[in-house]
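S.K.: Let me begin by handing over the structure; questions about it come next.
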Amino acid sequence: MTKALRVAIFGAGPAGIYAGNILAHSYENVTIDLFDSLPAPYGLIRYGVAPDHPRIKGIVNSLHEMLDAGNIRFFGNVEFGRDLTLDDVKRHYHAVIFATGAIKDAKLNIPGVELEGSYGAADFVSWYDGHPDYPRTWPLEAEQVAVLGNGNVALDVARVLAKQADDMLTTDIPANVYEGLKTSPVTDVHVFGRRGPADIKFTPIELRELGEVKDVEIVLYPEDFPEGWFNEDAQGVTNQHRVMARVMQSWLEREAEPAKRRLHLHFWHQPKEIVGENGHVTGMVFDRKGEERKYPLQAIYRAIGYWGSALPEVPYDETKGVIRNVGGRVVDESGKSLNGVFATGWIKRGPVGLIGHTKSDAMETIENLVADVSNFEDPAEPELEQVLAGLRAKGVQFTDWAGWLKLNEHELALGDGFTGPVERERVKVVDRDEQVSIARASGI
Ligand code: NAP
């Protein structure tokens, strides 16, 4: 008989759920409690994936099955460091895995970045995905907008800004987001990459999708595509690059159709300065191959990468925005590992890679966790009731799996009850207290 093991996981996004599921299948005598600071599970899928990406949002179905299988217990609205400290965790569990992801924006250090109208893309994503901790309104007053960066987040932000609000109504966007998008007077969305069209970090499906957005014209600039701009045989060129090069080549050659909004892709534009008047963005200056270029803009979205946040008492590498770790084993500054403390997902390896990559990442962390089992100290208070009693004593209004099922049904019913021009499957509840009160309706 293997030793009975109790493991806590913080972060109920894909990283935490995959880690829990892999652990449940690799160690037979384990109890897993999965905590999230938000009342609902699914992290990045619920609050990071664009609402008009149903294929990716659909990953929720397999995550739901993993949580519904009964070998992982979910508790929401529990914040690590406040509601449960590292000491609490050690008192109740043999080991802990941090899977808290990366939800902040990487910093861009150029003059003017603090001006009103200069936004982090991650904040905008949190707004349109109805994250409860972000303001309900978003200033959408600009006609000319820039999106900095050539990754998929830049594409998400540019697409959501350029799309007609009515075309977002089939998604799960909350009512306030639809109302906000509907007021947007935007005519031109400019996406700026600091390198060339062969160096993009987009993926083919997402790039191609841009060209299919209704009533949006894609504008490319011939100066960025000189003869031989794409070298098939260059080092590091993948099939994905080849597909994307063909997509852009076809846009260059196609007859432009007049559209209400334009989406421009500019390359070789290194951000230099954001300029403004009366504290508000009025434009931006770039360096294009040694030449200064200035564009009039009223809003700028910085989509240059996410950044992981430090957790209380957990070693953190501020140069990378990740928890210090070796293969998922959390280590202190001297490289010594903290017994029973692990990390997985974006907070382990940084905010790169698709959701599927998180699975192989979790496998590595769990393999190391299982290898360390004999070193773990036995917790003094190993019963779940002792954990929950501690939370109750602090007045924490935690939610659980049954509560999520209620909230889920409630959101689906809101979608069902929607009367309007389209059918809606779900309408998200945004407010934290409202989510908690629906989830705890019949008590916990
Ligand atoms: P990313 O793919 O790393 O792209 C970041 C972009 O920002 C790069 O083009 C980078 O340029 C640029 N950048 C970085 N620092 C800059 C600076 N100082 N000035 C100007 N540009 C700068 O990151 P992401 O877009 O945040 O995406 C994160 C991960 O999530 C990626 O793996 C992405 O594919 C994934 N994701 C997927 C989807 C989907 O729909 N499938 C949606 C969203 C996100 P350089 O290349 O020159 O460094």
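S.K.: Hey, quick one: spin label on ASP87, modelled 7 Å out along Cα-Cβ, who in region 370-387 has an amide N within reach, i.e. under 20 Å?
M.R.: 377-383, 386-387
S.K.: Taking amide hydrogens as modeled 1.01 Å from N in the peptide plane, which residues meet the under 5 Å criterion relative to GLY81, leaving out close sequence neighbours?
M.R.: Those lying under 5 Å, H to H, from GLY81 are LEU86.
S.K.: OK, next. Using alpha-carbon positions, what is the distance between the centroids of region 266-305 and region 369-444, in Å?
M.R.: Between the Cα centres of region 266-305 and region 369-444 lies a distance of 42 Å.
S.K.: Order THR344, THR183 by their accessible area, 1.4 angstrom probe, all chains in place, largest first. Walk me through the numbers before you get to the answer.
M.R.: Values: THR344 0, THR183 95 Å².
Ranking THR344, THR183 by accessible area, largest first, yields THR183, THR344.
S.K.: Need one number: % antiparallel among DSSP beta bridges in the chain, to the nearest 5. Could the numbers behind the result be given before it?
M.R.: Details: 24 of 65 bridges.
Antiparallel bridges: around 35 percent, rounded to the nearest 5.
S.K.: Please give the per residue volume of the convex hull enclosing the alpha carbon atoms of region 363-403, rounded to a whole number of Å³.
M.R.: On the way: hull volume 5.0 nm³, N = 41.
Hull volume normalised by residue count: 122 Å³.
S.K.: Let me ask something additional. With labels modelled as points extended 7 Å from the Cα through the Cβ direction, what inter-label distance (nm, one decimal) is found for ASN109 paired with LYS294?
M.R.: Result: 2.6 nm between the two label points.
S.K.: Scale the Cα Rg of region 205-266 by the rule-of-thumb value 2.2 N^0.38 Å and send over the ratio, two decimals.
M.R.: 1.20
S.K.: Could you state the number of Å between the C-alpha centres of region 71-149 and region 32-57?
M.R.: 12
S.K.: Using only the alpha carbons of the chain, determine the length spanned along each of the three principal axes and report them from longest to shortest in whole angstroms.
M.R.: Ordered largest first, the chain gives principal extents of 69, 53, 43 Å.
S.K.: Additional query: How much accessible area per residue does region 338-382 have, in Å², with a 1.4 Å probe? Write down the numbers at each step before the final one.
M.R.: Numbers: 2070 Å² over 45 residues.
Roughly 46 Å² per residue, with all protein chains present.
S.K.: Sum -39500 (n - 2.57) across every DSSP H segment of at least 4 residues in the chain, then divide by the residue count to get the 222 nm mean residue ellipticity, nearest 500.
M.R.: Working: 15 runs with 142 residues, N = 444.
The helix contribution divided over the chain gives -9000 deg cm²/dmol.
S.K.: Using only the Cα atoms of region 297-444, what are the Rg and Dmax in Å?
M.R.: Rg then Dmax for region 297-444, in Å: 20.7, 60.
S.K.: While we're here: Quote to one decimal, in nm, the extra length available between ASN61 and ARG254 on full extension: 0.36 nm per residue of separation minus the C-alpha distance between them. All intermediate terms of the calculation are to be shown ahead of the outcome.
M.R.: On the way: separation 193, 0.36 × 193 = 69.48 nm, distance 3.87 nm.
Contour length minus the Cα-Cα distance gives 65.6 nm.
S.K.: Sticking with this structure for a sec: Expected output is a single nm value to one decimal: the length gained when fully extending between GLU232 and GLU116, i.e. 0.36 nm times separation in residues minus the C-alpha distance. What is it? Mind dumping the intermediate values first?
M.R.: Working: separation 116, 0.36 × 116 = 41.76 nm, distance 4.24 nm.
Roughly 37.5 nm would be gained on extension.
S.K.: Now for a different question. So which of LYS3/LYS57; LYS201/LYS406; LYS57/LYS359 end up more than 28 Å apart, counting from Cα to Cα? Write out the running numbers ahead of the final one.
M.R.: Values: LYS3/LYS57 37 Å; LYS201/LYS406 39 Å; LYS57/LYS359 16 Å.
Violating the 28 Å Cα-Cα cut-off are LYS3/LYS57; LYS201/LYS406.
S.K.: Rank THR31, THR203 by accessible area, highest first, at a 1.4 Å probe radius? Walk me through the numbers before you get to the answer.
M.R.: Working: THR31 50, THR203 20 Å².
So the residues, ranked largest to smallest area, are THR31, THR203.
S.K.: Rg to Rh for region 54-128: what is it, with Cα atoms only and Rh by Kirkwood?
M.R.: On the way: Rg = 18.2 Å, Rh = 16.6 Å.
Checking Rg against Rh, the ratio lands at 1.10.
S.K.: Taking 7 Å along the Cα-to-C-beta vector as the label spot, tell me the GLU383-THR137 distance in nanometres, rounded to one decimal.
M.R.: 5.1
S.K.: Oh, and also: Please report the carbon-and-sulfur percent of the accessible area for the chain; probe 1.4 Å, protein heavy atoms only, DNA, RNA and ligands left out. Let's see the in-between values first.
M.R.: Details: 9900 of 19950 Å².
Its accessible area is 50 percent carbon and sulfur atoms.
S.K.: To continue, here is another question. Per residue, how large is the accessible surface of region 5-46? Use a 1.4 angstrom probe and give square angstrom. Write out the running numbers ahead of the final one.
M.R.: Details: 860 Å² over 42 residues.
Using a 1.4 Å probe on heavy atoms only, each residue of region 5-46 averages 20 Å².
S.K.: So, one more: Considering only protein heavy atoms, what per residue accessible area in square angstrom results for region 213-284 with a 1.4 angstrom probe?
M.R.: On the way: 4320 Å² over 72 residues.
Normalised by residue count, the accessible surface of region 213-284 is 60 Å².
S.K.: Between ASP167 and ILE444, take the C-beta separation as r, use R0 = 35 Å, and let me know the FRET efficiency to the nearest 0.05.
M.R.: On the way: r = 39 Å, r/R0 = 1.13.
Approximately 0.35, to the nearest 0.05.
S.K.: So if we plug the beta-carbon distance of GLU209 and LYS394 into 1/(1 + (r/R0)^6) with R0 = 60 Å, what FRET efficiency do we get, rounded to 0.05?
M.R.: Numbers: r = 45 Å, r/R0 = 0.76.
Calculated transfer efficiency: 0.85.
S.K.: Report, in listed order, any pair from LYS104/LYS320; LYS90/LYS394; LYS182/LYS272; LYS182/LYS428; LYS107/LYS348 with a Cα-Cα distance greater than 22 Å. Intermediate results must be reported in sequence, preceding the final value.
M.R.: Working: LYS104/LYS320 13 Å; LYS90/LYS394 18 Å; LYS182/LYS272 32 Å; LYS182/LYS428 18 Å; LYS107/LYS348 19 Å.
Distance filter (> 22 Å) returns LYS182/LYS272.
The values are calculated or read from the model by the stated rules, or taken from the named source; none is laboratory data. Quick caveat, the model's predicted, so the values are computed rather than measured. Every residue, glycine as well, gets a Cβ built from its backbone with ideal geometry; the counts of neighbours run over all protein chains shown. With ligands, DNA and RNA removed, areas are computed over all heavy atoms of the protein, side chains included. Shrake-Rupley method; radii C 1.70, N 1.55, O 1.52, S 1.80 Å.
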